[in-house]
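Each reported figure results from applying straightforward, stated rules to the coordinates on display, with no laboratory input. Just so it is clear, the model here is predicted, and its values are computed rather than measured. Note: ideal-geometry Cβ built from the backbone for every residue, glycine included; neighbour counts use all protein chains shown.
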Amino acid sequence: MTHDPRPVRPIRSAGARLSALLAATAMLTAAAAAQEAGIPPKDDLLPPRPPSFRDYGPKFMQPGAGKSGGAVDKRAMSAKDPNARMLMEARELVYDYNREVVTAVGAVDIYYDGRALQADRVSYDQKANKVRATGKVKLTERNGDVIYADSLDVTDDFRQGFIEPLRVETTNRTHLAAARGRRENGQLMVFDRGVYTACELCRDNPDKPPLWQVKAKRIIWREDEKTIYYEDATFELFGLPIAWLPFFSSPDPTVKRKSGVLAPSVSRSGDVGFLIETPYYWILSPTSDLTLAPVVSTKQGVMLKGEYRQQLMNGAYSIRAAGIHQLDTGTFDHKVPVFDGNGNRHQDAGLTIGPGDKKDRWAVSTQGEFDINEKWKWGWDVNAVSDKWIRSDYNLWGSRLDATSTLYLTGQGDRSFFELRGWQFYGMTRYDQQDRLPWVAPVLDYDYTFENPIAGGELSFSLNATNVYRQDSDYARYRTLRPRTDNALVGAEGTYSRISLDAQWRRRFIDPIGQVWTPFAFARGDLIYTDPQEDPRMGPFLDARQDALFRGMAGVGLEYRFPFIAETAMGAHQIEPIAQIILRPNESEIGKLPNEDAQSLLFDESTLFAWNKFSGYDRIEGGSRANVGGQYTFTSLSGATFNVLAGQSFHLAGRNSFDKLDATRTGVDTGLDEDSSDYVGGANFAPNKHLSFGSHIRLDDEGFKLRSAEFAARATFDRIQANVIYGRYDEQPLQGYDDIREGVLTGARLFVTPDVYVEGGARYNFDYKVFDRTQLGFGVNDIEQCLSLGFSYIREVDNDTDSVRVNDIDHKFLVRVDLRTLGSGSFSSRSKSSANDDQDMFGSTVASFPTR
């Protein structure tokens, strides 16, 4: 019955009550969003910056909103605007004066303060102080979240009420459904038979289960505790239950960080058994936190891990530590056999692999970085371990090959760079001996380029100062995995110090016919102090005498280029002959000084026109030299590109630095040790955006014998990604390589669907005719939608770390599941086996040992 408005006893505004309904019901949306809150992923748990933290703070440790760590305070978003006006549209508005009920009927559409409520019928009972909406109820929040229900029945202050059945869709694509939701005492919301997922539902078949979902008998949101509780919860993947928990909890959406238990991880290793890690995250202050994790192993007892992080006004630092008192040290007592199966003495006879009988094992690392101002910063990265194998045995953080520590100060100007560092190296392979690894401190580098031209050209200079100390000399051996005598002195026992100042000038001229002339000049001076400690093995490599000396080098040169460009119907062609001549005196003190930082020398087209082809300061190229070559570049109209650069280097006068032996034997067998160098060349070809090819090659200058070759190909299409790398390197006896080294590495990933992929890769060693590394895997890469799932298996010959025999094969399995908004979990396993009980895959017969 519809009545015209007429005076009655005063009643409260129906519009005000309906607006209260909208404001109150918004809390349901917050409850749905609470499913998205939780402990953020471990890497996103940095404490927040203090309010005055400057924008140029360290980036690697700055806090950021992770995919679930930056929850929005939805109660703040639900604050009412006191000046907001309500708009209502309905087919009819019914006033029941006897029962004091106001009802909007028929296609009800109410808009108030940024929210919209749609229903078939909305009524307000003044006596009972209740609001009820029925029939296709839809509530749209100001932030875009939407609630669907058949009916909604709440008190006008929203302290008590029911909504059933409930379905919520949030703006970041999460979904919550419940058979019934109710609110109690204004502080508690209960959802019966709740289901949550961050996956999109199938439009064609809405009843089809999503990729994953969590079903709980009851979900409880306690506003006073800012916590969500789940009772009798089942995790389903592809519609199948995979895990059940009687109870767990997560923070509500108003909380960005909250102390609590993080997701556990499980791994397995032969010597320690199964490892189960259950971290607890503890907020100490707004800018600091602590994560403690007991790691229970089935064979060795309990390891305690911890990480402390602190954010300060101008930077941040972290400390990690782990320690264990082992229960069974006998499982680690592995030794290399004295004799192989043929009765020959093994090259590593008696070498202990593993920590032996060490009971107390530990690892510590700390990182920090702090801004001094916008251009200067300092920091550290320090690592310490009880033994080489602690990281690999217990699957700890960091590299398994080394534990390097450094302390640094850096400054970056517009045209300058400064860095001061100290280094300490700790090797973790089976062959590393710590007293042979150096302490390097300080290392100072400063580069500056003048802004204004000097003599019409660009002038720059570099300063380097280095101090190196070793407790024992390091000799190169076992390069071919066979016993051999020393062939190089990698580093000398004692102290080596050097200060180098290098100045370079160049100017470019282009003449009227397009020829490019670039004269250049350089000068360098080194102050060197060396005090190697003599041992009987050093004599063939280095003079063991204390000395302080000056070494200098200066030179001038000219580079010539004449590019020819032609436009054709196919595209643009550029041919460019290049010639370079360098005049300078001989290098001095070759073989009399240690070589610490110039032990790597690669001669190819990338170093053909380098003024100094050595890689570091400890060697400097001497003698006059001419470098010649040519370059061709083609660019098609369709965008395809092809480039090739080839040439040769000629020693003209003076002493050839590359045919003189230093302590490390650097320079010989590189193709530069003759008056006419080997031919070098490189080519790159990209026919389109999907394919690319590259190559480097070095040929003997007399018979064109192949000295080295590298070829690479890469393909990237919509459904497939693949690459192939091939390398072949000639023997280099003076470098310790008696045989040709040849291998190929290939890998591919195929997307069966846009999100599901399979992948594989392998590395084949032609020298030993084996696959020394293979990898297989598959997964779902759809974390932006809701799920990332990956499985990997890696089989690799392990020569470097904790294998007793060089034929030991390392097997690694890894499974990782990442559920958007809920976090991730993983399982890993590592074991070893032998390729053959009688013969290893390198062709050496060895004694049989049980695998781990």
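Applying 1/(1 + (r/R0)^6) with R0 = 25 Å to the Cβ-Cβ distance of E567 and T641, what FRET efficiency is obtained, to the nearest 0.05?
0.95
Would you report the distance distribution of C-alpha pairs in the range 458-569 as whole percents per 10 angstrom bin, up to the bin with the largest distance?
Each 10 Å bin holds this share of Cα pairs: 12, 24, 21, 18, 14, 9, 2, 0.
For D597, D526, D414, D96, what ranking results if the residue with the fewest other Cβ atoms within 10 Å of its Cβ goes first?
Ascending number of Cβ neighbours within 10 Å: D414, D96, D597, D526.
Compute the distance from the alpha-carbon center of the range 284-334 to that of the range 120-168, in whole Å.
Cα centres, the range 284-334 to the range 120-168: 49 Å.
Taking a point 7 angstrom from the Cα of R218 along the C-beta vector, which residues in the range 178-197 have backbone N less than 17 Å away?
Of the residues in the range 178-197, 178-195 have backbone N under 17 Å from the label point off R218.
At 7 Å along the Cα-to-beta-carbon direction for both L527 and A748, put a label point, then send me their distance in nm to one decimal.
Simple spin-label model gives 6.1 nm for this pair.
Give the order of E164, E236 when sorted by the count of other beta carbons within 10 angstrom, beginning with the fewest.
Ordered from fewest to most neighbouring Cβ atoms within 10 Å, E164, E236 come out as E164, E236.
Compute the length gained on full extension between R537 and A610: take 0.36 nm times their separation in residues and subtract their Cα-Cα distance, giving the result in nm to one decimal.
Here the answer is 22.8 nm.
If r is the Cβ-Cβ distance from S288 to N373 and R0 is 25 Å, what FRET efficiency results, to the nearest 0.05?
Plugging the Cβ-Cβ distance into 1/(1 + (r/R0)^6) gives 0.55.
May I ask you to evaluate 6.51 cos²θ - 1.76 cosθ + 1.60, the Karplus curve with θ = phi - 60°, for each residue of the range 700-715 and list the ³J(HN,Hα) values in order in whole Hz, giving x for glycine and proline?
Here the 3J(HN,Hα) series is 4, 6, 9, x, 6, 5, 6, 9, 7, 8, 9, 10, 9, 9, 9, 10 Hz.
Can you give the extra length, in nm with one decimal, that the chain gains between S399 and D414 once fully stretched, where that is 0.36 nm per residue apart less the Cα-Cα distance?
1.9 nm
Compute the distance in nm between two label points, each set 7 Å from the Cα along the Cα-to-Cβ direction, one at L188 and one at L734.
The modelled label-to-label distance comes out at 8.6 nm.
Can you tell me the dipole magnitude for the range 582-662 around its Cα centre, using point charges on the Cβ only (Lys, Arg +1; Asp, Glu -1), in Debye to the nearest 20?
With Lys and Arg at +1 and Asp and Glu at -1, about 280 debye.
Length gain on complete extension for the stretch F791 to V756, per 0.36 nm per residue less the alpha carbon to alpha carbon distance?
11.4 nm is the gain from fully extending F791 to V756.
For the pair K127 and S826, what calculated FRET efficiency results from E = 1/(1 + (r/R0)^6), where r is the Cβ-Cβ distance and R0 = 56 Å, to the nearest 0.05?
The computed FRET efficiency comes out at 0.45.
How far is it, in nm, from the label point at F509 to the one at L93 when both lie 7 Å from their Cα along the line to the Cβ?
9.2
Just list whichever of K358/K388; K299/K358; K215/K305; K226/K256; K130/K217 have alpha carbons separated by over 21 Å in the model shown.
Where the Cα-Cα span goes over 21 Å, the pairs concerned are K215/K305; K130/K217.
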